[in-house]
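A short reminder: the numbers here are calculations on the coordinates, not readings from a lab. Please read all numbers here as calculations on a predicted model, not as lab measurements. Backbone-built Cβ (ideal geometry, glycine too); neighbour counts: all protein chains shown.
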Amino acid sequence: MLRINDAISIEDWELTEQFVRSSGPGGQNVNKVSTAVELRFEAARSPNLPEPVKNRLRRIAGRRWTKEGALILQVEDTRSQARNREIARERLRELILKALEKPKRRIATKPTYGSKQRRLKAKKERGEVKAMRGKVDPD
């Protein structure tokens, strides 16, 4: 069981780990030992995550989200299989915690009168600079 916060924890059946050969550091050992971990979290079927959190998680995950609604994390940072496993679980935890934060709604505001005036003044000055460019009349 993976504990996210006080309210949410992920059961073992929702996570599947597969160990594959890593392309990272390790010399000749890399060709023999499967140290990279591929963590698959069945997020869409998870009963522990509320629907809005799942939607935010899908947006945050991007390409790591599959059509079946699973989140796949691949970690091959270290030579140690156990350490890669820990890193993958920690990254999953961080992603879910980020998805738990409800984004603030943006309140549209009007530009101030002063900012409008400054903008128009800058545009006018720039236009004058550009107007001064070009051929010089010989007369």
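Summary of computed values
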{"quantity": "Unit Cα scatterers, Debye sum, the chain: log10 I(q)/I(0) for q = 0.11, 0.16 Å⁻¹", "calculated": "-0.58, -0.87"}
{"quantity": "Using a Förster distance of 35 Å, the FRET efficiency for A122-I60 (Cβ separation, nearest 0.05)", "calculated": "0.35"}
{"quantity": "Pairs of lysines in the chain (C-alpha under 26 Å apart; 8 or more residues apart or interchain)", "calculated": "16"}
{"quantity": "Residue list for region 66-98, given a label point 7 angstrom along the Cα-to-Cβ vector of N48 and an amide N cut-off under 13 Å", "calculated": "89-90, 92-94, 96-97"}
{"quantity": "Normalised contact order of the chain, rounded percent, pairs of Cα under 8 Å and 6 or more residues apart", "calculated": "21"}
